[in-house]
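Enquirer: Handing you this structure, nothing more for now.
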Amino acid sequence: MNELVDIWVYLASSPLLWLTATLLAYGVGQWCMERSGHHPAVNPVGIAALLLVGVLLLSDTSYQAYFDGAQFVHFLLGPAIVALAVPLARHLPKIRASLIPTLAALLVGAVTAAVSAMGVAILLGASPAVTLSMAPKSATSPIAMGISEQIGGLPSLTAALVVTTGILGAVVVAPLLNLLRIRDWRARGFAVGTISHGVGTARAFQVHAVAGVFAATALCLNALVTPVLVPLIVAAFGNLIG
Amino acid sequence: MLKGLSALLLFQLAGEFLAQLLNWPLPGPVLGMGLLLLALLWRGHAPAWLAAAADGMLKHFSLLFVPASVGLVQYLDLIGAEWLPILTALVASTLIGIVASALTFVAVARLVGAHPGEDERKADSP
């Protein structure tokens, strides 16, 4: 028994264990999504995160110890963001044909998402750290975390808010826009990509190719404008943040 | 794959370098994406080896979000104390943002005459 404990202590402090656990947890998440017939509410990232949080709490492992292993996966976010240029360049002709509505929807979506998130948080008495962590949550997480750090939020709280926003948007977009009778796939895809970044984009591609293309464009464009807009919006809120 | 991955890392490195040099508030990878986009537009299209690396990378895009979202475990007390503003702000801003963005798209498209093509309209639901 003591030997097992020793082995656990050794493995728990090595990067291998938590790197493996991250991939396995994501595998479980994907399996659940496939079993549910790609139901929008069954999200592999959400499932993996909940599983891993549970394991960390039960095994009394610190996030730092976990991240020593998981950082290898996390690191790939940088080159993956760069890689977004490829689909963006590929779909540029389709986007160019509806450039003006695209840019208008991008600005309105990015600004209303940040302003309404911060406004509601302030009205309901959130602390400044939470309000600031909320502001960049419609951008894809590496971008949002960078902004959060820069404006005085908590980057990992922002990451959790980003993923939750992604899942929420992917779940509500179809019933919400059906209710408003918006049938334009470009608008449907673009809106979910602007607000719900990668998670929304993955969902849009499952539903319709045109929606997917516009969602991917929105994700890339949002990654470019949110780092500029959010610091301005935070400055505009000023002392209201507390 | 190796060539493609090296190119992506090189553009990221160039982006990080530019961000430091110009003291810009944009994250390095975003600048790297911008630089790569400019290069692709100038060149006309992405070479197959680069497209393969990029598509491979993006296929498991959502896996890459897992380590950061586990960071939530550090803030369970904070979330417990402020769950109401957090949850309300998340739900409200997601709904408002999607509606505002979609309505703007439709309204502006109508205004400038950028009508959806036949394949760009959702069929009437039964």
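The values are calculated or read from the model by the stated rules, or taken from the named source; none is laboratory data. Being a predicted model, the structure only gives us computed values, none of them experimental. Methodologically, a virtual Cβ is constructed for each residue, glycine included, from the backbone with ideal geometry; neighbour enumeration extends over all protein chains shown.
Enquirer: Against the condition at the interface with chain A (Cβ under 8 Å from one of its Cβ atoms), closer than 29 Å to residue A:171 by Cα and either surrounded by fewer than 20 Cβ atoms within 10 Å (Cβ to Cβ) or over 22 Å from the mean Cα position of the chain (by Cα) (or both), how does residue B:95 come out, does it pass?
Expert: Taking the combined requirement at face value, the residue satisfies it.
Enquirer: Looking only at residues in the range A:76-99 that are farther than 24 Å from residue B:26 by Cβ and facing chain B (nearest Cβ under 7 Å), which one is surrounded by the fewest Cβ atoms within 10 Å (Cβ to Cβ)?
Expert: By that ranking, first place goes to A:97.
Enquirer: Restricting attention to the range B:60-77, which residues are aliphatic (A, V, I, L, M) and either within 7 Å of another protein chain (Cβ to nearest Cβ) or on the phi > 0 side of the Ramachandran plot (or both)?
Expert: Selection gives B:63, B:64, B:66, B:68, B:70, B:72, B:73.
Enquirer: Would you list the helices (runs of 4 or more DSSP H) that sit entirely within the range A:116-221 and hold 3 or more residues that are within 9 Å of chain B (Cβ to nearest Cβ) and over 21 Å from residue A:77 (Cβ atoms)?
Expert: A:128-134, A:155-179, A:185-207
Enquirer: Here are the criteria: (1) within 30 Å of residue A:186 (Cα to Cα); (2) hydrophobic (A, V, I, L, M, F, W, C); (3) more than 7 Å from chain B (Cβ to nearest Cβ); (4) surrounded by 18 or more Cβ atoms within 10 Å (Cβ to Cβ). Tell me which single one residue A:17 does not satisfy.
Expert: The failed condition is (1).
Enquirer: Output the qualifying pairs, or none if there are none: Cβ atoms under 7 angstrom, residues six or more apart or on different chains, first residue in the range A:55-66 and touching a residue at least 24 places away in the same chain (Cβ under 8 Å) and within 19 Å of residue A:26 (Cα to Cα), second residue in a helix (DSSP H, G or I) and aromatic (Phe, Trp, Tyr).
Expert: Listed pairs, sorted by first residue: A:66/A:18.
Enquirer: Quick check on the range A:60-75. Is at least one of its residues within 7 Å of chain B (Cβ to nearest Cβ), under 23 Å from residue B:83 (Cβ atoms) and in contact with a Lys or Arg (Cβ under 7 Å, 6 or more places away or on another chain)?
Expert: no
Enquirer: Then there is this: If residue A:46 meets every condition in (1) at positive phi; (2) part of a helix (DSSP H, G or I) apart from one, which number is that one?
Expert: Of (1) at positive phi; (2) part of a helix (DSSP H, G or I), only one is false for residue A:46: (1).
Enquirer: Ok, one more. Being closer than 20 Å to residue A:26 by Cα, crowded, with 20+ Cβ neighbours inside 10 Å and not assigned by TED's automatic domain parsing to the domain that holds residue B:1, is that true of even one residue in the range B:74-82?
Expert: no
Enquirer: Right, next: Just to be sure, is residue B:35 within 7 Å of another protein chain (Cβ to nearest Cβ) and touching a residue at least 24 places away in the same chain (Cβ under 8 Å)?
Expert: Taking the combined requirement at face value, the residue does not satisfy it.
Enquirer: Need the failing condition index for residue A:45 against (1) aliphatic (A, V, I, L, M); (2) assigned by TED's automatic domain parsing to the domain that holds residue A:142; (3) closer than 18 Å to residue A:195 by Cβ, just the number.
Expert: (2)
Enquirer: Determine whether residue B:103 is crowded, with 18+ Cβ neighbours inside 10 Å and at pLDDT 95 or above.
Expert: yes
Enquirer: Tell me whether the range B:41-50 contains one or more residues that are part of a helix (DSSP H, G or I), crowded, with 20+ Cβ neighbours inside 10 Å, touching a helix residue (DSSP H, G or I) at 6+ places or on another chain (Cβ under 9 Å) and modelled with pLDDT of 85 or more.
Expert: The answer is yes; a qualifying residue exists.
Enquirer: Restricting attention to the range B:50-64, does a residue exist that is over 30 Å from residue A:68 (Cα atoms), of a type outside the set (Lys, Arg) and out of contact with any strand residue (DSSP E or B) (no Cβ under 7 Å at 6 or more places or on another chain)?
Expert: Looking for residues that are over 30 Å from residue A:68 (Cα atoms), of a type outside the set (Lys, Arg) and out of contact with any strand residue (DSSP E or B) (no Cβ under 7 Å at 6 or more places or on another chain), one finds at least one in the range B:50-64, hence yes.
Enquirer: Now, a different point. What do you reckon, is residue A:100 modelled with pLDDT under 90 and more than 12 Å from residue A:241 (Cα to Cα)?
Expert: For residue A:100, the condition - modelled with pLDDT under 90 and more than 12 Å from residue A:241 (Cα to Cα) - is not met.
Enquirer: So, one more: Select, from B:67, B:85, the only residue that is touching a helix residue (DSSP H, G or I) at 6+ places or on another chain (Cβ under 7 Å) and within 15 Å of residue A:133 (Cα to Cα).
Expert: Step by step, each of B:67, B:85 is checked, and only B:85 is touching a helix residue (DSSP H, G or I) at 6+ places or on another chain (Cβ under 7 Å) and within 15 Å of residue A:133 (Cα to Cα).
Let's see how each residue does on (1) assigned to a helix (DSSP H, G or I); (2) closer than 22 Å to residue A:203 by Cα:
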| residue | (1), (2) |
| --- | --- |
| B:68 | yes, yes |
| B:75 | yes, no |
| B:86 | yes, no |
| B:95 | yes, yes |
| B:105 | yes, yes |
| B:111 | yes, no |
| B:115 | no, no |
